[in-house]
Amino acid sequence: MSTAGGRNEAPTINTRFTELVGIKYPIVQTGMGWVSGPALTSATANAGGLGILASATMTYEELEVAIAKTKKLTDKPFGVNIRADGSDAPERIDLLIREGVKVASFALAPKKELIAKLKDNGVVVIPSIGAAKHAVKVASWGADAVIVQGGEGGGHTGPVATTLLLPSVLDALGDDGIPVVAAGGFFDGRGLVAALAYGAEGVAMGTRFLLTSDSSVPDSVKEEYLKRDLFNGTVVSRKVDGMPHRVLRTELVDKLEDGSTIGGTVAAVGNANRFKKMTGMKWSTMLKDGRTMRKSGERTWQQVIMAGNTPMLLKAGLVEGNTEAGVLASGQVVGMIDDLPSCDELIQQIMTQAHERLAKLKSL
Ligand SMILES: Cc1cc2nc3c(=O)[nH]c(=O)nc-3n(C[C@H](O)[C@H](O)[C@H](O)COP(=O)(O)O)c2cc1C
């Protein structure tokens with residue numbers, strides 16, 4: 001234990017990832033739409049992890065304000081998650097560069113030129129990926145690290161569990177590959193040690209950070225999450241937006257799973273329009289997304305429209321606390337969580353437990 005600010009702090013575990021982004025502990029709080037704002041991001045940064053602001057659900061102006069607020073609340077490095085296909089992605093990238101933001105995180109692969117521009121200006125580029133071939137592609141384009149999210153993870157997710165996806169990505173990148181951060185299902189020190197044992201250089205967590213006292217999600221909504229168990233707590237639904245989306249099992253989700261409602265589609269069109277105006281997404285981008293979805297075969301036009309609607313459904317749940325009309329993205333890990341620590345308490349608990357596990361492993 002080292003003493004900092006008059007208290008004992010868990011020792012760190014240094015990896016290439018902690019060095020790359022200049023943080024103390026190998027723990028990332030991911031950019032969750034409507035959830036990862038300045039308070040959560042700065043609390044994570046001040047606790048020694050990497051906090052990431054979610055900008056896909058912010059207007060450009062809201063992102064400007066959020067970056068300024070976060071900088072007021074912490075002098076530590078933090079990141080911003082950007083939709084690489086947003087019409088104003090280049091302006092957002094210029095903003096990150098101007099503001100000296102340390103990390104740019106992407107849900108979809110950013111273009112090669114955008115990666116080069118960010119890197120030339122000293123911004124660390126960390127795309128999130130869901131398949132080994134995507135990790136290899138972004139690495140060849142110059143990405144500095146990747147976050148790999150397995151199927152247990154909350155929000156849009158893939159079919160392969162972290163325990164298999166992670167080693168497949170590490171194998172594909174090879175021994176000298178860029179640092180890999182594991183996501184999907186992590187919540188404690190055992191998971192961190194397991195990820196490091198696989199060869200990852202840190203863990204990234206969404207649901208666990210949503211369920212902290214520092215997250216802005218309404219208390220009543222956090223209570224809904226805490227009630228869920230491991231077996232039936234979440235469901236991967238394609239009915240929300242046509243893509244596999246891991247969410248809390250609620251009455252609304254069960255209804256969506258049960259059938260189609262014309263009324264729901266009409267409301268979805270209105271919401272999609274509001275979201276488009278708010279975030280600067282072009283109809284052409286939304287329609288292109290829609291056509292790609294249709295081409296992949298399994299989606300109806302209703303689902304395509306619902307795709308534009310998803311951010312508003314998430315907002316109703318995560319910001320307005322309307323658990324009946326909203327959709328609540330969540331990882332399966334919600335079934336393992338029953339408390340609301342601060343980010344600092346959480347990170348200290350994880351690091352302390354990780355060191356305990358490592359000591360036990362050494363004594364075997
Ligand atoms: C409420 C919620 C919102 C999310 N929003 C986003 C998002 O806007 N962009 C993104 O790249 N990932 C998003 N995700 C996925 C997380 O960033 C992360 O990859 C995932 O939560 C990791 O799995 P875990 O929940 O098991 O920790 C979201 C996840 C949750 C739970």
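The values are calculated or read from the model by the stated rules, or taken from the named source; none is laboratory data. The shown structure was predicted, so the numbers you read here are calculated from the model rather than taken from an experiment. Reconstructed Cβ throughout: ideal geometry from the backbone, glycine too, with neighbour counts over all protein chains shown.
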### Task
Could you please tell me which pairs satisfy a Cβ distance under 8 Å, a separation of 6+ or placement on different chains, a first residue in segment 212-228 that is in the same structural domain as Asp188 (by TED's automatic domain parsing) and in contact (Cβ under 8 Å) with a residue 60 or more places away in the chain, and a second residue that is of a type in the set (S, T, N, Q) and part of a helix (DSSP H, G or I)?
Asp214/Thr44
### Selection count, segment 324-364, where residues are surrounded by fewer than 17 Cβ atoms within 10 Å (Cβ to Cβ), touching a residue at least 12 places away in the same chain (Cβ under 8 Å) and of a type in the set (Ser, Thr, Tyr)
2
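Answer yes or no as to whether Ala161 is within 12 Å of the ligand (Cβ to nearest atom), surrounded by fewer than 18 Cβ atoms within 10 Å (Cβ to Cβ), on the phi < 0 side of the Ramachandran plot and among the hydrophobic types (A, V, I, L, M, F, W, C).
Working: within 12 Å of the ligand (Cβ to nearest atom): yes; surrounded by fewer than 18 Cβ atoms within 10 Å (Cβ to Cβ): yes; on the phi < 0 side of the Ramachandran plot: yes; among the hydrophobic types (A, V, I, L, M, F, W, C): yes.
Spelling it out, Ala161 is indeed within 12 Å of the ligand (Cβ to nearest atom), surrounded by fewer than 18 Cβ atoms within 10 Å (Cβ to Cβ), on the phi < 0 side of the Ramachandran plot and among the hydrophobic types (A, V, I, L, M, F, W, C).
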### Task
Within segment 115-129, count every residue that is over 18 Å from Arg16 (Cβ atoms) and surrounded by fewer than 22 Cβ atoms within 10 Å (Cβ to Cβ).
4
### Query
How do the pairs read when you match residues in segment 52-65 that are outside the structural domain of Thr30 (by TED's automatic domain parsing) with residues anywhere that are modelled with pLDDT of 95 or more, using Cβ under 8 Å and keeping only pairs 6 or more apart or on different chains?
none
### Task
Kindly check whether there is at least one residue in segment 39-52 that is out of contact with any helix residue (DSSP H, G or I) (no Cβ under 6 Å at 6 or more places or on another chain) and within 13 Å of the ligand (Cβ to nearest atom).
yes
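Considering Asp94, Asp144, Asp175, which residue is assigned to a loop (DSSP other than H, G, I, E, B) and without any contact (Cβ under 8 Å) to a residue 24 or more places away in the chain?
That would be Asp175, the only listed residue that is assigned to a loop (DSSP other than H, G, I, E, B) and without any contact (Cβ under 8 Å) to a residue 24 or more places away in the chain.
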### Message
Out of the residues in segment 227-252 meeting the condition of being within 14 Å of the ligand (Cβ to nearest atom) and among the aliphatic types (A, V, I, L, M), tell me which one is modelled with the lowest pLDDT.
### Response
Val240
### Task
Those residues that are within 10 Å of the ligand (Cβ to nearest atom) and part of a loop (DSSP other than H, G, I, E, B), I need them from segment 178-207; list them, please.
Gly184, Gly185, Phe186, Phe187, Gly206
### Task
Please state which one of Ala109, Ala84 is outside any helix (DSSP H, G or I), within 16 Å of the ligand (Cβ to nearest atom), of a type in the set (Gly, Ala, Ser) and in contact with a His (Cβ under 8 Å, 6 or more places away or on another chain).
Ala109
### Matching residues, segment 29-47, being in a loop (DSSP other than H, G, I, E, B) and farther than 20 Å from Leu192 by Cα
Met32, Gly33, Trp34, Val35, Ser36, Gly37
### Query
Could you count how many residues in segment 114-141 are in contact with a Pro (Cβ under 9 Å, 6 or more places away or on another chain) and part of a helix (DSSP H, G or I)?
7
### Pairs with Cβ under 8 Å, 6+ apart, first in segment 118-141 and of a type in the set (Lys, Arg), second assigned to a strand (DSSP E or B)
Lys119/Val125
#### Entry: Residue satisfying condition, being β-branched (Val, Ile, Thr) and either in contact with an Asp or Glu (Cβ under 8 Å, 6 or more places away or on another chain) or surrounded by fewer than 20 Cβ atoms within 10 Å (Cβ to Cβ) (or both), within set Val221, Val180
Val180
### Query
Is it true that some residue in segment 72-80 is within 15 Å of the ligand (Cβ to nearest atom), in a helix (DSSP H, G or I), touching a helix residue (DSSP H, G or I) at 6+ places or on another chain (Cβ under 9 Å) and basic (Lys, Arg)?
no
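Filter segment 97-106 down to the residues that are assigned to a loop (DSSP other than H, G, I, E, B) and surrounded by fewer than 21 Cβ atoms within 10 Å (Cβ to Cβ), then identify the one that is farthest from the ligand (Cβ to nearest atom). If you could, list the steps in order and put the result at the bottom.
As a first pass, look at segment 97-106 and keep what is assigned to a loop (DSSP other than H, G, I, E, B): 99-102.
Checking which are surrounded by fewer than 21 Cβ atoms within 10 Å (Cβ to Cβ) leaves us with 99-100, 102.
Values: Glu99: 20, Gly100: 22, Lys102: 17 Å.
Ranking the qualifying residues of segment 97-106, first place goes to Gly100.
Please verify whether Val148 is closer than 25 Å to His355 by Cα, within 14 Å of the ligand (Cβ to nearest atom) and touching a helix residue (DSSP H, G or I) at 6+ places or on another chain (Cβ under 9 Å), treating the condition exactly as stated.
Values: closer than 25 Å to His355 by Cα: yes; within 14 Å of the ligand (Cβ to nearest atom): yes; touching a helix residue (DSSP H, G or I) at 6+ places or on another chain (Cβ under 9 Å): yes.
When the stated conditions are applied, Val148 passes them.
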